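Okay, so here's the structure we're looking at.
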Amino acid sequence: MFMVIVSEILLYLCVSLLIGSFLIALVPSSFRPEVNIPRSVQIIATLGIAVFSFAPVLVLIIYLYENMGLSETLQTVLLTFEVGKAWIFTFLVVNVLFIFIVWFDDREKPIYSYIGIIFVVILIMGIGWASHASSLDHVKGFLTHTSHFTAVSIWVGILLVVSWFSKDHSNWLNFLKWFSPVAIICFSITIVSGLILMTFVVEFNEYANAWMLPYGQLLLLKHLTIIPLLVYAGINSILIRKKLFKDNDFNPIPWTRVESILILVVFSITAALGQQSPPSENILKNEGLSKLFSFFYQGQFQQGMNVELVANATGLSLILLAILFVVLTVYSFIKKAPVIVTFILSILFIFTSYLALLLSIQ
């Protein structure tokens with residue numbers, strides 16, 4: 001499981017870096033900071049997609065190997081299972097993209113970047129084909145997962161490239177003029193498609209009940225992590241714009257880097273989420289309660305119970321404390337505190353808001 005989680009995180013990063021590098025190359029130099037993305041990064045990211053997307057296939061091969069033998073297992077998994085066929089498709093596209101990147105420099109002509117973007121979108125479609133949502137509903141699941149992954153990759157890809165490969169922060173105001181609307185659109189698509197994907201396994205009215213299982217616990221943590229991510233997005237798009245109007249020498253890059261690290265946390269939770277059994281009565285009976293839920297839940301568990309939130313002094317105090325951490329995050333930026341301080345405040349917000357909810361369960 002750990003191997004699959006790590007490989008999925010790295011897969012998200014590879015796809016995001018690739019599409020981000022192609023997109024930023026299309027932006028006129030006066031509307032972005034000077035960015036230098038080594039060709040080696042693009043090549044490694046391309047090869048990484050083939051390697052890291054193979055992890056679920058490898059797990060399936062290992063699972064079936066003892067009963068079927070290596071040769072028959074490979075043939076069955078790669079040619080019969082959707083995840084295997086999708087990986088073959090991904091592998092073939094990766095090879096073409098690898099040759100394209102080696103032969104053509106996307107910085108020389110815009111057409112090369114457009115072609116690169118098309119290849120990456122095709123790869124995202126291949127990943128969507130192999131997704132869990134697609135296995136549940138071929139058309140709706142495929143379209144939802146693909147749109148979700150594409151929107152995330154565009155938003156995160158540009159952010160990663162600008163945060164970690166910029167030589168300076170020149171033209172940052174011009175960069176924010178177009179990136180902020182793009183980020184808002186991508187984030188909106190991500191939220192809508194993410195909620196649709198959630199309904200494939202958890203109905204809205206069963207959301208709180210899912211907290212009793214590891215899947216639900218991770219889902220809750222993922223949603224709570226998105227809140228400080230939104231705070232950083234607001235800082236990086238609104239407050240930093242105001243700061244740069246007053247102080248041209250202010251360097252916003254450390255703040256975008258912290259936002260990208262928080263996104264990596266969301267990626268990690270998402271990858272772990274994909275390895276958990278979706279909520280159901282049978283899963284609860286067979287696997288039992290989540291250890292985290294058991295640790296924090298103060299009441300007596302009974303089969304068939306419904307999770308209900310009830311206002312109490314402890315929960316309300318923790319909610320107020322969580323809100324305070326959000327306010328302090330913004331205040332720390334205004335007072336020019338080290339970026340690491342705001343990151344710690346974000347982690348404290350996630351922890352206290354999580355406790356507030358778990359300790360309010362009846």
For residues in region 171-187 being in contact with a Phe, Trp or Tyr (Cβ under 8 Å, 6 or more places away or on another chain) and farther than 17 Å from T150 by Cβ, which is surrounded by the fewest Cβ atoms within 10 Å (Cβ to Cβ)? K177
Give S170, S180 a once-over and let me know the one that is of a type in the set (G, A, S) and not in a helix (DSSP H, G or I). S170
Condition check: closer than 24 Å to P181 by Cα, at pLDDT 90 or above, surrounded by fewer than 23 Cβ atoms within 10 Å (Cβ to Cβ) and polar (S, T, N, Q). Does T144 satisfy that? no
Which pairs do you get when a residue that is over 26 Å from I191 (Cβ atoms), found in region 226-248, comes within reach of a residue that is of a type in the set (A, V, I, L, M), reach meaning Cβ atoms under 8 angstrom, with the pair 6+ apart or on two chains? L244/L173; F245/L173
In this structure, is S29 surrounded by fewer than 21 Cβ atoms within 10 Å (Cβ to Cβ), under 27 Å from F175 (Cα atoms) and among the hydroxyl-bearing types (S, T, Y)? yes
Report the residue count in region 297-314 for those that are modelled with pLDDT of 90 or more and not in a helix (DSSP H, G or I). 0
Assess whether I240 counts as being part of a helix (DSSP H, G or I), within 21 Å of V330 (Cα to Cα) and among the β-branched types (V, I, T). yes
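Per-residue answers, yes or no, for (1) among the polar types (S, T, N, Q); (2) closer than 26 Å to P279 by Cβ; (3) out of contact with any Cys (no Cβ under 8 Å at 6 or more places or on another chain):
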{"position": "L213", "(1), (2), (3)": "no, yes, yes"}
{"position": "L219", "(1), (2), (3)": "no, yes, yes"}
{"position": "I226", "(1), (2), (3)": "no, yes, yes"}
{"position": "S237", "(1), (2), (3)": "yes, no, yes"}
{"position": "P252", "(1), (2), (3)": "no, no, yes"}
{"position": "V258", "(1), (2), (3)": "no, no, yes"}
{"position": "I263", "(1), (2), (3)": "no, yes, yes"}
Scanning region 251-264 residue by residue, those farther than 10 Å from L229 by Cα and either part of a helix (DSSP H, G or I) or charged (D, E, K, R) (or both) turn out to be I253, P254, W255, T256, R257, L264
Quick check on region 183-196. Is at least one of its residues part of a helix (DSSP H, G or I), over 21 Å from Y12 (Cβ atoms) and not charged (D, E, K, R)? no
Could you please find all residues in region 126-141 being over 23 Å from I43 (Cα atoms) and modelled with pLDDT of 85 or more? W129, V139, K140, G141
Region 131-156, residues that are under 20 Å from I117 (Cα atoms) and either among the small types (G, A, S) or in contact (Cβ under 8 Å) with a residue 24 or more places away in the chain (or both): T144, H145, S147, H148, F149, T150, A151, V152, S153, I154, W155, V156
Report, ordered by the first and then the second residue, all pairs with beta carbons closer than 8 Å, sequence separation of six or more or different chains, a first member in region 183-200 that is more than 23 Å from L23 (Cα to Cα), and a second member that is surrounded by 19 or more Cβ atoms within 10 Å (Cβ to Cβ) and at pLDDT 90 or above. G194/H148; I196/T144; L197/T144; L197/H145; L197/H148; M198/L219
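Residue-by-condition table, conditions (1) modelled with pLDDT under 85; (2) in a helix (DSSP H, G or I):
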| residue | (1), (2) |
| --- | --- |
| L64 | yes, yes |
| I99 | no, yes |
| D106 | yes, no |
| I111 | no, yes |
| V120 | no, yes |
| I124 | no, yes |
Every residue in region 195-244 that is small (G, A, S) and crowded, with 19+ Cβ neighbours inside 10 Å, please. A210, G216, A233
So V162, is it buried (at least 20 other Cβ atoms within 10 Å of the Cβ), in contact with a Gly (Cβ under 9 Å, 6 or more places away or on another chain) and within 14 Å of R32 (Cβ to Cβ): yes
Can you tell me how many residues in region 8-43 are free of Cβ contacts under 8 Å to residues at least 24 places away in the same chain and assigned to a helix (DSSP H, G or I)? 1
Can you tell me which residue is nearest to W129 (Cα to Cα) among those in region 66-84 that are part of a helix (DSSP H, G or I) and free of Cβ contacts under 8 Å to residues at least 12 places away in the same chain? L79
Among the listed residues S277, S317, S294, identify the single one that is hydroxyl-bearing (S, T, Y), modelled with pLDDT of 90 or more, surrounded by fewer than 16 Cβ atoms within 10 Å (Cβ to Cβ) and closer than 30 Å to N205 by Cβ. S317
Which residues, taken from region 100-126, are hydrophobic (A, V, I, L, M, F, W, C), over 25 Å from the mean Cα position of the chain (by Cα) and closer than 19 Å to G20 by Cα? F100, I101, V102, F104, I111
When the residues of region 204-250 are filtered to those that are modelled with pLDDT under 90 and polar (S, T, N, Q), which remaining residue is farthest from S294 (Cα to Cα)? N248
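The values are calculated or read from the model by the stated rules, or taken from the named source; none is laboratory data. Since the model is a prediction, treat every value here as computed from it, not as a measurement. Positions of Cβ are generated from backbone atoms using ideal geometry, with glycine treated the same way; all protein chains shown enter the neighbour counts.
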